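The values are calculated or read from the model by the stated rules, or taken from the named source; none is laboratory data. On a predicted model such as this, the values are computed, not experimentally measured, just so you know. As a convention, Cβ positions derive from the backbone with ideal geometry for all residues, glycine included, and neighbour counts pool all protein chains shown. SASA here: full protein model, heavy atoms, side chains in, ligands and nucleic acids out. Shrake-Rupley method; radii C 1.70, N 1.55, O 1.52, S 1.80 Å.
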Amino acid sequence: MSTSLLLLLDLALGALAAAAWTGAVLVATKTPSRRSGLLGTAAVAAAILAVLGQAATALALTERAWGFGVEKTLFAVPVQLVFGVLAAVLVLPALLRAARGVPWRMSRWAPAALVAAAASSVVGLVARGVLGYAISPLSAAVLVGLVLLAGWLAHALLVNRVRRQVVGASALAALLLVTSVGYSWVSDVAVAVALSDHAGPFGHGGPHGRNANEAPTAPADPAQSVSVADLRTASNAPGTLRHFELTAGHQTVTATSGKKVEAWSFGSLPGPELRVDQGDLVEVVLRNRDIDEGVTLHWHGYDVPNGEDGVAGATQDAVLPGETFTYRFTADEPGTYWYHTHQASAEGIRHGLYGTLVVLPTGGVPEQVDATIALHSFGSAVWLGDSDLPRTEPAAEGTTVRARLINTDQVPRRFRVSGADYRVVAVDGRDLSGPTDVSAESLRLPAGGRMDVVFTVTADGVRIGTDASARVAVGFGPDGSDPLKLASDASAPDLDLLSYGSRGALDAPAPTRDASLVLDRLPRFLRGVPSNAYTVNGAVFPHIQNIEVTEGDVLRLTVVNRGWDTHPMHLHGHHALVISRNGVQATGAPLWVDTFDVQPGEVWQVLVEADNPGIWMDHCHNLEHAEQGMMMALTYRGVTTPFDHEHISG
Ligand code: C2O
Ligand code: CU
């Protein structure tokens with residue numbers, strides 16, 4: 001059974017147990033009859049079975065990943081077993097007698113025990129759906145307290161009928177609830193206040209600047225610490241200087257179709273392609289004309305020195321209207337990348353603050369045509385490259401083409417190549433070894449992901465389409481051909497990169513440190529406002545404990561998705577080597593990615609070599625999710641930041 005189904009089944013069994021116990025309460029407090037004896041016995045039996053079923057699902061989930069089952073195994077199941085068995089022992093003898101038509105008398109504690117059992121199933125659901133992976137001894141104690149109070153309240157209401165006790169029990173339960181919620185609110189706001197005081201989550205060795213799985217470490221020795229502001233490209237860095245200027249501003253852009261886009265752009269849609277040669281020294285002056293939210297340039301997938309990474313609030317301040325910032329880095333890693341603003345990025349990128357970056361290998365690529373195809377949605381209009389219309393590039397039969405596919409949207413997009421077999425020669429700016437011919441499969445690109453595909457133009461031409469639009473496509477074909485007419489198979493399965501290409505002799509470094517990220521969607525306070533937020537390890541930014549490493553560490557990162565959304569997890573400044581997915585080892589070409597889609601119920605394991613000191617964002621590239629909490633950092637011990645985290649945005 002898939003993990004998502006198992007998670008659903010587990011919730012359904014929890015709800016069933018709560019309903020069955022409630023049924024038992026209704027029956028057991030009735031006037032005794034044979035019928036109520038039978039019904040009551042059935043209800044208690046159903047409840048106990050539902051609890052045992054949860055024990056089984058909890059164990060199965062825990063086996064798939066600790067993060068799936070932890071609060072179930074440690075809390076939800078035990079608490080239901082204790083209160084459930086207690087209730088069953090108290091009421092079953094009487095119910096069974098009644099069922100046989102023998103006179104019976106219910107224990108006076110029965111209502112309390114049954115209500116407590118029902119409440120234990122309800123708090124079991126709360127543990128999964130509200131506390132999630134984050135369950136702490138304190139919150140577990142509060143939940144047990146609520147179960148006991150529910151039992152007491154039932155006793156006072158149904159048996160003792162003492163008004164003072166009813167009021168007392170309700171008041172205590174209310175107090176417990178209000179204090180817990182209030183406490184979470186205050187801790188959320190308290191950190192927000194601390195952040196505006198520049199004592200933020202990054203690199204201060206403070207309460208939030210530690211490893212997700214480890215005890216706090218001592219603050220960095222100030223003598224050995226380095227500021228991100230100093231982790232810049234050396235002023236005398238070698239390489240041919242390639243100077244670019246990008247100005248961000250509001251712009252009305254007329255699409256090829258004639259439609260107008262009210263864009264925020266870097267001068268065009270997409271921004272100008274920065275195409276450089278391996279070894280060049282790239283220098284980009286960013287100017288903000290009139291974007292009030294502020295802008296930055298983040299080199300998505302290009303592992304620049306930390307100070308050039310363009311994360312407002314961590315590596316620099318946002319560039320406000322009238323201001324400039326100059327980025328410099330050596331283009332030593334050939335491949336396909338893109339750039340985008342990293343300030344109010346969900347909104348900024350959606351409006352057009354993105355462009356592409358191509359680093360050509362020394363000597364160029366072997367293909368005759370080199371085309372960049374960045375997919376972007378402006379509302380319902382899908383753009384491939386700089387056009388929202390289908391188009392064909394003339395190419396003689398036999399021409400070799402490299403298409404650099406880029407997904408700049410927030411959700412996964414499938415690309416489909418029809419008319420020729422193709423090979424995937426690079427993923428996220430890293431060449432794949434031994435790529436083989438692909439014909440039927442489609443390519444699923446996570447938000448922010450890139451794939452370079454190579455094919456030879458056939459007599460009928462080749463069409464590249466996507467699942468974002470049935471119409472908009474790019475064709476390559478000789479005169480007289482009409483590749484846009486080629487059919488694309490919407491039911492084609494996705495190419496699995498974990499088993500594509502040849503493994504070769506990969507000696508992956510041995511991990512020196514482990515961390516895990518459990519992704520979920522839980523009710524949390526977000527900047528003081530109650531929200532249905534996206535969480536990592538039960539918390540939202542800036543409360544998520546950062547992963548802290550020392551330069552030279554090899555981090556083994558396990559990412560578990562307990563929710564119902566796909567999360568394209570993106571780590572800045574590093575490429576991660578995929579080890580396994582759902583416990584199955586990767587067997588294809590070594591796969592180095594900067595973004596990987598963790599689908600609902602999936603578990604990914606990747607290796608990250610800590611070889612680029614800094615404070616690096618690690619977040620979901622569905623930027624709406626990042627904005628709603630799913631954002632944290634990988635920090636190197638001893639690196640600090642002077643920048644203002646209050647305005648950090650994914
Ligand atoms: Cu493409 Cu932190 O982003
Ligand atoms: Cu997400």
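Observations, loosely collected:
- Ordering Ala173, Trp616, Gly352 by the projection of their Cα atoms onto the charge dipole of the chain, which places +1 on the Cβ of Lys and Arg and -1 on the Cβ of Asp and Glu, puts Ala173 at the extreme positive end.
- Rounded, prolate or oblate (a/c below 1.5 giving rounded, otherwise prolate when a/b exceeds b/c) for the range 345-503 by Cα gyration tensor: rounded
- Computed extension length for Thr587-Thr31: 193.5 nm, one decimal, from 0.36 nm per residue of separation with the Cα-Cα distance subtracted.
- The range 231-364, accessible area per residue, ligands and nucleic acids excluded (1.4 Å, Å²): 35 Å²
- Helix 3-28 axis, angle to the chain major axis (alpha carbon atoms, nearest 10°): 20 degrees
- Note on the chain: dipole from Cβ charges, positive end direction compared against Val425, Ala589, Leu157; the farthest Cα belongs to Leu157.
- Pairwise label distance in nanometres, Leu59 with Thr324, each label 7 Å out on the Cα-Cβ vector: 6.8 nm
- Working note: 222 nm ellipticity from helices only, DSSP H runs with n ≥ 4, each -39,500 (n - 2.57), summed and divided by the residues of the chain, gives -8500 deg cm²/dmol to the nearest 500.
- Distance between the C-alpha centres of the range 556-583 and the range 114-176: 37 Å, rounded to the whole angstrom.
- Carbon-plus-sulfur accessible fraction, the range 513-647 (probe radius 1.4 Å, protein heavy atoms only): 50%.
- Of the residues Ala403, His340, Val319, the one whose Cα sits farthest towards the positive end of the charge dipole of the range 319-408 is Val319 (charges of +1 on Lys and Arg Cβ, -1 on Asp and Glu Cβ, taken about the Cα centre).
- Estimated FRET transfer efficiency when R0 is 35 angstrom, pair Glu397-Thr362 (beta carbons, to 0.05): 0.70
- Net +/- balance of residues flanking Pro590 in space, Cβ distance below 11 Å, scoring K and R +1, D and E -1: 0
- Local electrostatic count at Leu125 - Lys and Arg +1, Asp and Glu -1, tallied over other residues with Cβ under 14 Å: 0
- Under a 5 Å amide H cut-off, with hydrogens placed 1.01 Å from N, Val549 pairs with Thr635, Tyr636, Arg637 among residues at least 5 apart or on other chains.
- When +1 charges are put on Lys and Arg Cβ atoms and -1 charges on Asp and Glu Cβ atoms, the dipole computed for the chain relative to its Cα centre reaches about 4580 debye.
- In sequence order, the range 102-115 has phi-based couplings of 8, x, 9, 9, 6, 4, 6, 8, 4, x, 4, 5, 5, 5 Hz under the Karplus curve 6.51 cos²θ - 1.76 cosθ + 1.60, θ = phi - 60°, and Gly or Pro positions carry x.
- Paramagnetic reach from Ala505 in the range 428-447 [backbone N under 20 Å; point 7 Å along Cα→Cβ]: 432-435
- For Asp290, the accessible surface of its heavy atoms amounts to roughly 50 Å² (probe 1.4 Å, protein chains only, rounded to the nearest 10).
- Karplus-derived 3J(HN,Hα) values for the range 64-69, using 6.51 cos²θ - 1.76 cosθ + 1.60 with θ = phi - 60°, are 6, 6, 3, x, 6, x Hz; glycine and proline are entered as x.
- Residues whose placed amide H lies under 5 Å from that of Gly301, excluding near-sequence neighbours: Gly573
- Val639 - accessible surface, heavy atoms, 1.4 Å probe, Å² rounded to 10: 0 Å²
- Förster radius 25 Å - calculated FRET efficiency between Glu262 and Val411 (Cβ-Cβ, nearest 0.05): 0.70
- In plain terms, the chain from Arg471 to Ser107 could stretch by 123.9 nm, reckoned as 0.36 nm per residue minus the Cα-Cα distance.
- Chain lengthening between Val189 and Ala42 when straightened (0.36 nm per residue, less Cα-Cα): 48.1 nm
- Point-to-point label distance, Arg242-Arg100, nm (Cα→Cβ direction, 7 Å offset): 8.8 nm
- Summing Cβ point charges (Lys, Arg +1; Asp, Glu -1) relative to the Cα centre of the range 365-495 gives a dipole of roughly 320 debye.
- Taking the protein heavy atoms of the range 16-175 in the context of the full set of protein chains, the accessible area attributed to carbon and sulfur is 73 percent at 1.4 Å.
- In Hz, Karplus ³J(HN,Hα) per residue of the range 241-258 (6.51, -1.76, 1.60; θ = phi - 60°; x = Gly, Pro): 6, 10, 9, 10, 10, 10, 10, 8, x, 6, 7, 8, 10, 8, 6, 4, 6, x
- Counting only residues at least eight positions apart within a chain, or on another chain, the lysines with an alpha carbon under 29 Å from that of Lys485 are Lys259, Lys260.
- Electrostatic tally near Pro93: other residues with Cβ closer than 13 Å to its Cβ, Lys and Arg +1, Asp and Glu -1, net +3.
- Dipole moment magnitude, nearest 20 debye, the range 547-650 about Cα centre, only Lys, Arg, Asp, Glu C-beta charged: 380 debye
- Here's how it looks for Ala468: its modeled amide H is under 5 Å from those of Arg414, which are all 5 or more places away or on a different chain.
- Pair Leu92, Arg164: separation of 7 Å Cα→Cβ label points (nm): 3.8 nm
- Cα gyration tensor category, rounded, prolate or oblate, for the range 3-194 with a/c compared to 1.5: oblate
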